[in-house]
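Quick notes on the structure that follows.
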Amino acid sequence: MRSTRWLWGFVGMAALLSTLLFIGGFIYAIRTAVFPEEGNKVQPALPAPTSALAEDISSSKEINILAIGDSLTRGVGDATGKGYVERVKAGLQSSLGKETYVWNLAISGAKTADLLEQLDHTNTSARMQDYTKQANVILLTIGGNDMFQMGVKDDKSPLNPNEMAFDLDLLKKNMPAALEQLDQILTRISKLNPKARIMYVMFYHPFLDYDTERVGSLFVQAWEGKAFEIANRLGNVTVVPTYDLFQQVPVKYLYTDHFHPNPDGYERIAERVLQALN
């Protein structure tokens, strides 16, 4: 009887020690994971930037802005002709107290392939490259025409929201090539002028109130995610989101074509760009 009691006592003590060791090891593992020692910290694997960060534009004697891309940078929908580009110019001139100049080479209706051709074409590339190298700030919108035309069924009009029908399979098929062209555009501009502030102004979803299944929104988000990835790699590119500016009350900030911003819409975009620049 006494030997049995001793045996059970030994078993109980062993179980208690095992439990304490388990708890101690568990706590140590959690503590190591959450508060790693200095020499053992796990750093996230991020792609190394391929260019240096842009220079501080406030130190420049004057501000030269190159505006390229599509109709959003052209200012379509704003009867005053200012668009967001001239508003950004005025904002920088006011806040920095420096002479500010704009070269606007944007082309209405341009897609990523068109901008690539503009960068490479014999008749335009020399001027484009010269302006790119001189610019302190490069404002760019591109991709909206790729997005909202390549994802619309052939028998529907991309600029008529009443007839619009997104083709999910078509978007999935065509987006990779367009995003590759976006990568080429931003990489080329960044290499031409690694010191410029390159502001890639994202497009929004102008047909959100007609896109009941929100299919377009998912692809805008996917495009924006890829743009952020490219910007992180290049170093001097900033992605300026605009989706939320038109999300709740799109009609309030859109022109009568239900595609381009009106003056109030451009004002909101310009404010966002200036916030990112400052």
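Among the residues that make up region 118-125, is at least one of them in contact with a helix residue (DSSP H, G or I) (Cβ under 6 Å, 6 or more places away or on another chain) and crowded, with 21+ Cβ neighbours inside 10 Å? No. Filtered by the rule that a residue be under 22 Å from Glu229 (Cβ atoms) and either free of Cβ contacts under 8 Å to residues at least 60 places away in the same chain or of a type outside the set (A, V, I, L, M) (or both), region 163-178 gives Leu171, Lys172, Lys173, Asn174, Met175, Pro176, Ala177. Of the helices (runs of 4 or more DSSP H) lying entirely inside region 71-130, those containing at least 2 residues that are hydrophobic (A, V, I, L, M, F, W, C) span 83-96, 112-120. Within region 197-217, if we keep just the residues that are part of a loop (DSSP other than H, G, I, E, B) and touching a Leu at 6+ places or on another chain (Cβ under 8 Å), the residue that is nearest to Asp120 (Cα to Cα) turns out to be Phe203. Checking each residue in region 252-273 for being surrounded by 17 or more Cβ atoms within 10 Å (Cβ to Cβ) and either among the hydroxyl-bearing types (Ser, Thr, Tyr) or outside the structural domain of Ser94 (by TED's automatic domain parsing) (or both) picks out Tyr253, Tyr255, Tyr266.
Residue by residue through region 60-94, note down the ones that are free of Cβ contacts under 8 Å to residues at least 24 places away in the same chain and either outside the structural domain of Leu234 (by TED's automatic domain parsing) or not polar (S, T, N, Q) (or both). Gly81, Glu86, Ala90 - these are the residues of region 60-94 that are free of Cβ contacts under 8 Å to residues at least 24 places away in the same chain and either outside the structural domain of Leu234 (by TED's automatic domain parsing) or not polar (S, T, N, Q) (or both).
If you filter region 157-184 down to residues that are touching an Asp or Glu at 6+ places or on another chain (Cβ under 7 Å) and within 16 Å of Ala110 (Cα to Cα), you find that the one that is modelled with the lowest pLDDT is Leu159. Within region 60-70, the set of residues being part of a strand (DSSP E or B) and over 22 Å from the mean Cα position of the chain (by Cα) comprises Ile63, Asn64. Determine, yes or no, whether Ser71 is within 28 Å of Asn145 (Cβ to Cβ), modelled with pLDDT under 55 and among the polar types (S, T, N, Q). In short, no.
Any chance region 220-242 includes a residue that's surrounded by fewer than 18 Cβ atoms within 10 Å (Cβ to Cβ), at pLDDT below 95 and among the acidic types (Asp, Glu)? Looking for residues that are surrounded by fewer than 18 Cβ atoms within 10 Å (Cβ to Cβ), at pLDDT below 95 and among the acidic types (Asp, Glu), one finds none in region 220-242, hence no. Using the structure shown, decide if Leu182 is part of a helix (DSSP H, G or I) and closer than 23 Å to Val76 by Cα. When the stated conditions are applied, Leu182 passes them.
The values are calculated or read from the model by the stated rules, or taken from the named source; none is laboratory data. Note that the structure is predicted; figures quoted are calculated from it, not measured. We place every Cβ from the backbone using ideal geometry, glycine too, and count neighbours over all the protein chains shown.
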